[in-house]
Amino acid sequence: MAKVTIDNIEIEVPDGTTILQAARMIGERNSADRHVVPPTMCYYSKLEGSGGYCRSCLVKVTKGSERDPRPMPKPVASCRTAVMDGMVVENSINAEVRDVRAGVTEFLLINHPLDCPICDQAGECHLQDLSYEHGVSTSRYQFERRTFDPIDIGETIKLHMTRCILCYRCVKVAEQITDGRVHGVINRGDVAEISTYIEQAIDNDFSGNVIDVCPVGALTDRTFRFSSRVWFTKPMDAHRNCDKCSGKVAIWLKGQEVLRVTGRKDQWGEVDEFICNTCRFEKKELSDWVVEGPRNIDRHSVISQGHYVIGPKQKVLDHPAPNVPELARLKPAKKP
Ligand code: SF4
Ligand code: FES
């Protein structure tokens, strides 16, 4: 076991745990301590070998270990660095970390279009959250942005290559979850892109999971595209008997209409279980599902703001009443 201190909070973790995993353990132990958890754009705990691409999880190690207390000279990727006994790490309390994270965010946004108003991922986009917390309103980049010829990757998944941040998560899903990967990252450097070689459609039972793991709107669900802003939908836990996957999903309702089916995501925005394409794309009737109840979206996002209670036919919407004293406080004071 190793004792590690992150943002002045101590935890004991098994040897081999990474700094990021240790930080998440602190966040899971007490939700008030979640500020110690670095953001992640490429790491995904359910995908082997993920992490190490985006640098958004950089932290400062101010003490290497009990045996060798020297600090690490540069910020390190917390998803790839194992803890040592006696290590001291700084995340949200360190000004240098906040500065490098702003730099990483600016870098990730170099080619990413600011088309959130028309992007289906808006409201659950990790880059949107990262930019909100660490971004700046301008970019120093002066060269032409990357553009791509559109590639058709099938009837159910839409690829917007300009939004891709090359996190490799979808490639790991294809490698580890599906039979016969037909897509990957081709080329390198600033011409690297996600592509299906010979432009084959990604078509197998679990390919839809690339949509759930994509942190941005580069891979979106064609059966849901432009149907609704996600914050206007009601997420419900539901299940069905499925012979390919667990059948445990989140359905996103508008009235009694199932607009979208996704995997159930935890507080870190990662799916608990990968689901099959039949559940995701073909079961769009409410009668296909046994509805368990409203899903509590536990993340820092506008989609956490819906509060639903089960009423007759799971229809009752219970939006929190506006906080009147709070609103009054925000109003400009009347001139005398
Ligand atoms: S398409 Fe999405 S999941 Fe795939 S590499 Fe790009 S950003 Fe990552
Ligand atoms: S989450 Fe660690 S490098 Fe991307």
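Matching residues to (1) exposed (fewer than 15 other Cβ atoms within 10 Å of the Cβ); (2) over 29 Å from residue 161 (Cβ atoms); (3) among the aliphatic types (A, V, I, L, M):
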{"site": "26", "(1), (2), (3)": "no, yes, yes"}
{"site": "37", "(1), (2), (3)": "no, yes, yes"}
{"site": "41", "(1), (2), (3)": "no, no, yes"}
{"site": "67", "(1), (2), (3)": "yes, yes, no"}
{"site": "72", "(1), (2), (3)": "no, yes, yes"}
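Once region 129-169 is narrowed to residues that are among the aromatic types (Phe, Trp, Tyr) and under 22 Å from residue 213 (Cβ atoms), the residue that is surrounded by the fewest Cβ atoms within 10 Å (Cβ to Cβ) is 132. When the residues of region 96-133 are filtered to those that are among the charged types (D, E, K, R) and in a loop (DSSP other than H, G, I, E, B), which remaining residue is nearest to residue 71 (Cα to Cα)? Top of the filtered list is 124.
Exactly one residue out of 188, 229 is over 21 Å from residue 304 (Cα atoms) and not acidic (Asp, Glu): that is 188.
For residue 219, the conditions (1) within 14 Å of ligand 1 (Cβ to nearest atom); (2) at pLDDT below 90; (3) under 19 Å from residue 125 (Cα atoms) are fulfilled apart from (2).
Taking region 238-254 only, how many residues are part of a strand (DSSP E or B), free of Cβ contacts under 8 Å to residues at least 40 places away in the same chain and more than 21 Å from the chain's Cα centre (by Cα)? Residues that pass the stated criteria total 1. Taking the criterion of being within 11 Å of ligand 2 (Cβ to nearest atom), assigned by TED's automatic domain parsing to the domain that holds residue 81 and part of a helix (DSSP H, G or I), would at least one residue in region 18-27 satisfy it? Taking every residue of region 18-27 in turn, at least one turns out to be within 11 Å of ligand 2 (Cβ to nearest atom), assigned by TED's automatic domain parsing to the domain that holds residue 81 and part of a helix (DSSP H, G or I). Note on region 43-52: among residues that are within 12 Å of ligand 2 (Cβ to nearest atom) and within 15 Å of the chain's Cα centre (by Cα), the one that is surrounded by the fewest Cβ atoms within 10 Å (Cβ to Cβ) is 45. Within region 151-173, does at least one residue satisfy the condition of being free of Cβ contacts under 8 Å to residues at least 40 places away in the same chain and not aliphatic (A, V, I, L, M)? No, that holds for no residue. Only one of the numbered conditions (1) closer than 17 Å to residue 24 by Cβ; (2) among the aromatic types (Phe, Trp, Tyr); (3) in contact (Cβ under 8 Å) with a residue 60 or more places away in the chain is not met by residue 53, and that is (1).
Scanning region 255-282 for residues that are under 23 Å from residue 43 (Cβ atoms) and outside any strand (DSSP E or B) yields 263, 264, 266, 267, 268, 269, 270, 272, 273, 274, 275.
Given the condition more than 16 Å from ligand 1 (Cβ to nearest atom), at pLDDT 95 or above and outside any strand (DSSP E or B), answer yes or no: does some residue in region 38-61 qualify? Yes, because at least one residue in region 38-61 is more than 16 Å from ligand 1 (Cβ to nearest atom), at pLDDT 95 or above and outside any strand (DSSP E or B). The residues of region 138-167 that are within 16 Å of ligand 2 (Cβ to nearest atom) and more than 24 Å from residue 281 (Cβ to Cβ), listed by number, are 165, 166.
The values are calculated or read from the model by the stated rules, or taken from the named source; none is laboratory data. Worth saying up front: this structure is predicted, and the values here are computed from it rather than measured. Here the Cβ is made from the backbone with ideal geometry for all residues, glycine too, and neighbour counts use every protein chain on show.
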